[in-house]
Each structure stands twice: as C-alpha cells, then as structure tokens.
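To start, the structure itself, in structure tokens.
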Amino acid sequence: MDWTLEVVIVPVSDLDRSIAFYRDQVGFALDHDTQNEHMHVAQLTPRGSGCSIVIGSLPAQQEMAPGSLKGIQLVVADAAAARDELTSRGVECSEIQVIDPRDGGTFFGFADPDGNTWAVQQIKARAERPLIPAEARQRFGEDSER
C-alpha cells in the first residue's frame with residue numbers, strides 16, 4: 001500500500017500576507033483560495049512537489065500558534081541557485097551550510113513572516129531523477145512558469 005503525504009498545515013496569523021509570501025516570494029503555486037461562512041483557507045504547492053501546504057482558518061490550524069511549525073523541509077537540485085532565487089525575491093535566507101560533502105548534506109533555511117521555518121536540502125540527483133516525472137508534470141500543466 002502506498003502512503004502519500006499530500007498536505008501540511010502551516011499555522012499563520014495573516015492569510016493574505018502569507019499567500020503573498022508563499023506565492024510571490026517563495027514561488028509556490030496558489031492552487032485555491034476558498035472562503036465561506038465557516039472558514040477561509042488557501043492551498044499552495046511547491047513546483048515539482050506532490051505535497052502542498054494549507055494556510056488559513058481550519059480548526060487544526062487554530063490549534064497551533066502562528067510560527068510554531070519548525071523545520072519543514074524542501075529539496076532542490078541546486079541549493080545556491082535556489083537561495084539566489086529566494087533572496088532575489090526578498091526572502092531572507094541563512095547561509096548555505098555543508099554538513100556532509102556527500103549529496104544530501106548541503107542546506108540553507110528561511111522563515112515565513114510568522115516564524116515558521118523551512119530547511120532547504122540540496123540533492124543533486126533531483127535534476128536527473130525528479131520525484132514527479134516530466135510527463136506527469138506536463139499533464140497537470142506544472143512545467144509552465146508560475
């Protein structure tokens with residue numbers, strides 16, 4: 001049986017500010033922004049990922065303090081290029097650290113406006129072997145720039 005991680009709830013204090021940060025600065029795709037009389041939530045997905053984040057006013061989100069989620073991990077093929085992309089969009093990032101010279105041992109981090117923290121790990125093999133094949137990404141229109 002396959003078990004897939006598809007959504008991580010990220011607790012934030014200001015939904016509009018967080019949508020702008022994750023969409024415009026970090027580069028996640030805004031999948032939907034849904035509001036009704038009971039809730040207001042948005043789902044955003046990193047390019048190339050099968051897992052999204054959900055931010056907003058769902059009951060589970062209200063049980064966590066904004067900024068209390070620490071160390072969510074993203075993986076990229078090139079940490080320096082990813083860091084440059086984020087800093088060019090105004091995201092404050094830590095310096096790149098090489099914890100282990102083997103592939104997978106290079107990291108940097110950043111935080112959202114509430115203080116939820118992200119670790120970005122470099123795995124060079126992702127350039128040749130992405131987790132989601134190019135055919136699947138094209139089928140869902142993900143290879144276009146967002």
(request) Output the residues belonging to the range 4-19 that are in a helix (DSSP H, G or I) and either at positive phi or surrounded by 13 or more Cβ atoms within 10 Å (Cβ to Cβ) (or both). (result) LEU15, ARG17, SER18, ILE19
(request) Just name the residue that is modelled with the lowest pLDDT out of those in the range 108-138 that are of a type in the set (Lys, Arg) and surrounded by 11 or more Cβ atoms within 10 Å (Cβ to Cβ). (result) ARG137
(request) Answer with yes or no whether ALA60 is exposed (fewer than 12 other Cβ atoms within 10 Å of the Cβ) and among the hydrophobic types (A, V, I, L, M, F, W, C). (result) yes
(request) Report the residue count in the range 82-102 for those that are of a type in the set (Ser, Thr, Tyr) and exposed (fewer than 11 other Cβ atoms within 10 Å of the Cβ). (result) 1
(request) Just give me the residues in the range 11-70 being at pLDDT 95 or above and among the hydroxyl-bearing types (Ser, Thr, Tyr), in sequence order. (result) SER13, SER18, TYR22, THR34, THR45, SER52, SER68
(request) Say whether the condition of being assigned to a loop (DSSP other than H, G, I, E, B), over 15 Å from the mean Cα position of the chain (by Cα) and surrounded by fewer than 18 Cβ atoms within 10 Å (Cβ to Cβ) is met by at least one residue in the range 21-29. (result) no
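The values are calculated or read from the model by the stated rules, or taken from the named source; none is laboratory data. Fair warning: this is a prediction, and the values are worked out from it, not measured in the lab. Virtual Cβ from ideal backbone geometry, glycine too; neighbours counted across all protein chains shown.
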